[in-house]
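The values are calculated or read from the model by the stated rules, or taken from the named source; none is laboratory data. These numbers come from a predicted model, not from an experiment. Glycine also receives a Cβ, built like all others from the backbone with ideal geometry; neighbour counts cover every protein chain displayed. When the accessible area is computed, the model is the full protein with side chains, heavy atoms only, and any ligands, DNA or RNA have been set aside. Shrake-Rupley method; radii C 1.70, N 1.55, O 1.52, S 1.80 Å.
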Amino acid sequence: MSMLSPAVTIARYTLLEALRSRLPWLFLLAACAAAALASFLQQLALTESGAVQAALLAATLRLAGVFLLATFVITSMAREAADRGLELLLALPMPRAAYLLGKLLGYGALAAVPAVLFGLLMALFATPAQSALWALSLLGELWIVAAFSLLCAASLQQALPALAATGGFYVLARMLGSLQLLAHGPQAGDSWPQQATAGAIDVLALLLPRLDAFTRTEWLLYATGDWQALLDVAAQTGIYVALLASCALCDFYRRNI
């Protein structure tokens, strides 16, 4: 209880900071802008305009949720460090793990806002079961991004490098499946540079989460999602959030603040 109570308090103030920053309104604005953009591009589609609109909307909402959440996590941590708020908090009689746990709980609760909002919006284009599956998978994806953003913000201590690292991590994790197909496909050669590249991609696939298996658009379009896919998403989310939080905690304890 000595660590849980301050962690819950920090999580509550993290959510209050998000409300004061108008972040929920930004999520709502992003949903409206994505719906308008998808509706406009639907008019350009010659066939299956409804499927095109749903696919574009799902992709735009996912990217908007990831970008807004990662930006808030990193800028919030950077602002707190610049204002010496972190030093003030750590001067209180609580372990450093309580601070990081509270931040992670707050960001995790905040990630539920776009997941629910965007899931309800996608329910207009797909069955409720597939929309719920998509929204829960988006929540897991946002939790991983929030944990990695927290690690980058705590380690790099600068907003721009942390944002760049988080963006690179997300793009690479989303593209790993395609990169592996290209590296091991029939067009791949047998020369040692190509084999070394394929080996490096396989190593990255073992280290990074397979975000290409999260929040798949075909679940909405063709109702191909099932609860086994959600179990795989939940397993990856639990493993990587715990791993990233542990790395952030190790870095946090070794620093002199």
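How many residues, within segment 200-229, are open to solvent by 30 Å² or more (accessible area, probe 1.4 Å), assigned to a helix (DSSP H, G or I) and closer than 15 Å to Leu179 by Cα?
Result for segment 200-229: 8.
Scan segment 211-225 residue by residue and report those that are under 15 Å from Thr127 (Cβ atoms) and in contact with a helix residue (DSSP H, G or I) (Cβ under 8 Å, 6 or more places away or on another chain). Working first, answer last.
From segment 211-225, those under 15 Å from Thr127 (Cβ atoms) are 216-225; that's our starting set.
Scanning segment 211-225 gives Arg216, Thr217, Trp219, Leu220, Leu221, Ala223, Thr224, Gly225.
Filter segment 100-128 down to residues that are in contact with a Gly (Cβ under 8 Å, 6 or more places away or on another chain) and farther than 21 Å from Leu26 by Cβ, then give me how many there are.
Residues that pass the stated criteria total 1.
Give me the pairs: first residue in segment 12-28 and within 17 Å of Val116 (Cα to Cα) and open to solvent by less than 60 Å² (accessible area, probe 1.4 Å), second residue assigned to a helix (DSSP H, G or I) and not small (Gly, Ala, Ser), beta-carbon distance under 6 Å, and six or more apart or on different chains, which are they?
Here the result reads Ala18/Leu110; Leu23/Phe72; Pro24/Val113; Phe27/Val113; Phe27/Pro114; Phe27/Leu117, each pair linking segment 12-28 to a residue that is assigned to a helix (DSSP H, G or I) and not small (Gly, Ala, Ser).
Only one of these is open to solvent by 40 Å² or more (accessible area, probe 1.4 Å), assigned to a loop (DSSP other than H, G, I, E, B), of a type outside the set (Phe, Trp, Tyr) and at pLDDT below 85: Pro186, Pro193. Name it.
Numbers: Pro193 fails: assigned to a loop (DSSP other than H, G, I, E, B).
Of Pro186, Pro193, the one residue that is open to solvent by 40 Å² or more (accessible area, probe 1.4 Å), assigned to a loop (DSSP other than H, G, I, E, B), of a type outside the set (Phe, Trp, Tyr) and at pLDDT below 85 is Pro186.
Considering only segment 29-45, state which residues are surrounded by fewer than 14 Cβ atoms within 10 Å (Cβ to Cβ) and in a helix (DSSP H, G or I).
Hits for segment 29-45 are Leu29, Cys32, Ala33, Ala36, Ser39, Phe40.
Mind checking which residues of segment 93-151 are open to solvent by less than 10 Å² (accessible area, probe 1.4 Å) and touching a Pro at 6+ places or on another chain (Cβ under 8 Å)?
Ala98, Tyr99, Gly102, Leu138, Leu142, Ile144
Take the residues in segment 46-65 that are at pLDDT 80 or above, open to solvent by less than 70 Å² (accessible area, probe 1.4 Å) and of a type in the set (A, V, I, L, M), then tell me which one is farthest from Met122 (Cα to Cα).
Residues of segment 46-65 that are at pLDDT 80 or above, as a first pass: 53-65.
Add one more test, that the residue is open to solvent by less than 70 Å² (accessible area, probe 1.4 Å), and what stays is 53-62, 64-65.
From what's left, of a type in the set (A, V, I, L, M): 54-59, 61, 64.
Details: Ala54: 7, Ala55: 10, Leu56: 11, Leu57: 8, Ala58: 7, Ala59: 11, Leu61: 9, Ala64: 14 Å.
Step by step, filter segment 46-65, then rank; the result is Ala64.
So if I check each of Leu179, Leu110, which one is in contact with a helix residue (DSSP H, G or I) (Cβ under 9 Å, 6 or more places away or on another chain) and either over 23 Å from Leu208 (Cβ atoms) or among the polar types (S, T, N, Q) (or both)? Even if it seems obvious, please write down each step before you answer.
Numbers: Leu179 fails: either over 23 Å from Leu208 (Cβ atoms) or among the polar types (S, T, N, Q) (or both).
Going through Leu179, Leu110 in turn, the sole match is Leu110.
What pairs can you find where one residue is in segment 109-127 and of a type in the set (S, T, N, Q), the other is surrounded by 22 or more Cβ atoms within 10 Å (Cβ to Cβ) and part of a helix (DSSP H, G or I), and their Cβ atoms are less than 9 Å apart, with a gap of 6+ or different chains?
Matching pairs, first to second residue: Thr127/Leu220.
May I ask you to say which residue of Leu88, Leu142 is modelled with pLDDT of 90 or more, out of contact with any strand residue (DSSP E or B) (no Cβ under 9 Å at 6 or more places or on another chain) and assigned to a helix (DSSP H, G or I)?
On the way: Leu88 fails: modelled with pLDDT of 90 or more.
None of the others qualify; the one that does is Leu142.
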